[in-house]
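FYI, it's all coordinate maths here, none of it is from the lab. Predicted, not measured: the structure shown is a model, and the values here were computed from it. Virtual Cβ from ideal backbone geometry, glycine too; neighbours counted across all protein chains shown.
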Amino acid sequence: MARPRASNPSKAASPKPRPPGPLPPPLPAALLERPLDYLMAEHHRHRSYLAGLRYAATLAEIPRDQAARLHLFLASELPLHWADEEEDLFPILRRHALPEDGLAEVLTRLSQDHAMNEALVRTIDHGLSVILDADHDPVPLERRLCGLILTYTATEARHLAVENAVVLAIAGVRLRKAELHGLSAAMKARREAFHVTDA
C-alpha cells in the first residue's frame with residue numbers, strides 16, 4: 001500500500017485576501033441639501049476606507065499612493081464627519097427624539113466611541129504619514145500598527161452599523177424640515193471653513 005503523501009504547509013496556508021475596490025472620492029457638495037442622505041452615503045464611503053485599511057494590515061504592507069489617500073481621509077475627512085455628528089446631528093437628536101426612542105444612551109455610547117477612536121486614528125495616521133516618503137513601494141507596516149488598524153476597523157464597523165440602523169433611522173422620523181435645513185446649513189458651513197470642495 002502506498003504511503004499517504006505528506007501535506008505541504010504552503011498549501012495549508014490561508015489564501016491571500018481579495019483586494020478591496022478603489023477608494024471612493026469625496027461626496028458631491030450638492031448632496032448636503034439632504035443631510036441624512038449625505039451622512040448615510042458617507043458611512044458607505046467610510047466602509048471602503050475601512051476595507052482598504054484592513055487589507056493593508058492583513059498583508060502588513062501598503063502601496064505609497066494608498067497610504068497617502070488613507071492619510072488624507074484619516075487626517076482631514078474623518079474628523080470633519082465626526083464634527084458633523086458631535087456638534088450638529090447628535091445635539092439636534094437629543095432635543096427632538098422622544099424618550100421611547102431610547103436614543104440618549106445610544107448617543108452617549110457613540111460619543112464615547114468617537115473619543116476612543118480619535119486616539120487610535122491619530123496613532124494610525126501618524127504611522128501612515130511617516131512612510132509616505134519611503135524609497136520603496138509597497139511599504140511594510142509594523143506589526144503594532146497592523147494590530148491597531150485591525151482594532152480600529154472592527155470597532156468602527158460596528159459603530160457605523162449602529163448609526164445607520166438606529167440613529168439615522170430615528171432622525172428620519174423625528175427631524176422636521178426646519179431641523180434638517182439647520183443641519184444642512186451647519187454641515188455646509190463646516191466644509192466652507194475647511195475649504196472642502198466637490199469630488
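Considering the options Leu120, Ala169, Gln66, tell which one lies farthest towards the positive end of the dipole of segment 31-193, charges being +1 on Lys and Arg and -1 on Asp and Glu at the Cβ, about the Cα centre.
It is Ala169.
Within a Cβ distance under 12 Å of Ala41, other residues only, what is the Lys/Arg minus Asp/Glu net charge?
On the way: positive: Arg34, Arg45, Arg47; negative: Asp37, Glu42.
For residues surrounding Ala41, the net value is +1.
Enumerate the residues in segment 120-157 having an amide nitrogen under 16 Å from the point lying 7 Å beyond the Cα of Asn164 toward its Cβ.
Label zone hits: 153-157.
Can you give the local net charge around Thr155? Use residues other than it whose beta-carbon is closer than 14 angstrom to its beta-carbon, Lys and Arg +1, Asp and Glu -1. Please report the intermediate quantities before stating the final value.
Details: positive: Arg47, Arg54, Arg109, Arg158; negative: Asp113, Glu118, Glu156, Glu163.
Here the charged neighbours net out to 0.
Only helical DSSP H runs with n ≥ 4 go in: add -39500 (n - 2.57) per run for the chain, normalise by residue count and round the 222 nm mean residue ellipticity to 500 deg cm²/dmol. Don't skip to the answer; put the middle values down first.
Working: 9 runs with 122 residues, N = 199.
After summing the helix terms and dividing by the residues of the chain, the value is -19500 deg cm²/dmol.
Please report, in debye to the nearest 20, how large the charge dipole of segment 8-147 is about its Cα centre when each Lys and Arg carries +1 at its beta carbon and each Asp and Glu carries -1 there. Present the calculation step by step, with values, prior to reporting the outcome.
Working: 15 positive and 21 negative charges, 160 e Å.
Dipole size: approximately 760 debye.
How are the Cα pair distances of segment 23-72 distributed, in percent, across 10 Å bins from 0?
Final binned percentages: 24, 44, 24, 9, 0.
Can you give the angle from 0 to 90° between the axis of helix 177-193 and the longest principal axis of the chain, with both taken from C-alpha atoms, to the nearest 10?
Computed tilt is about 60 degrees.
Name the residues of segment 55-80 whose amide N is less than 14 Å from a point 7 angstrom out from the Cα of Leu23 along the C-beta direction?
Under cut-off, by backbone N: 55-57, 62-79.
Neighbouring Cβ atoms within 10 Å as the yardstick, rank Leu59, Leu70 fewest first.
Values: Leu59 15, Leu70 21.
Ascending number of Cβ neighbours within 10 Å: Leu59, Leu70.
Under the √(5λ) rule applied to the eigenvalues of the Cα gyration tensor, what semi-axes describe the equivalent ellipsoid of the chain? Give them in Å, descending.
Details: eigenvalues 284, 89, 43 Å².
Semi-axes from the Cα gyration tensor: 38, 21, 15 Å.
In vacuo Debye scattering of segment 133-186, one point per C-alpha: log10 I(q)/I(0) at q = 0.14, 0.17, 0.27 Å⁻¹?
Taken in order of the listed q values, log10 I(q)/I(0) reads -0.64, -0.71, -1.02.
Please name whichever of Leu80, Cys146, Ala134 sits farthest to the positive end of the charge dipole of the chain, dipole taken about the Cα centre and charges placed at Cβ: Lys and Arg +1, Asp and Glu -1.
Cys146
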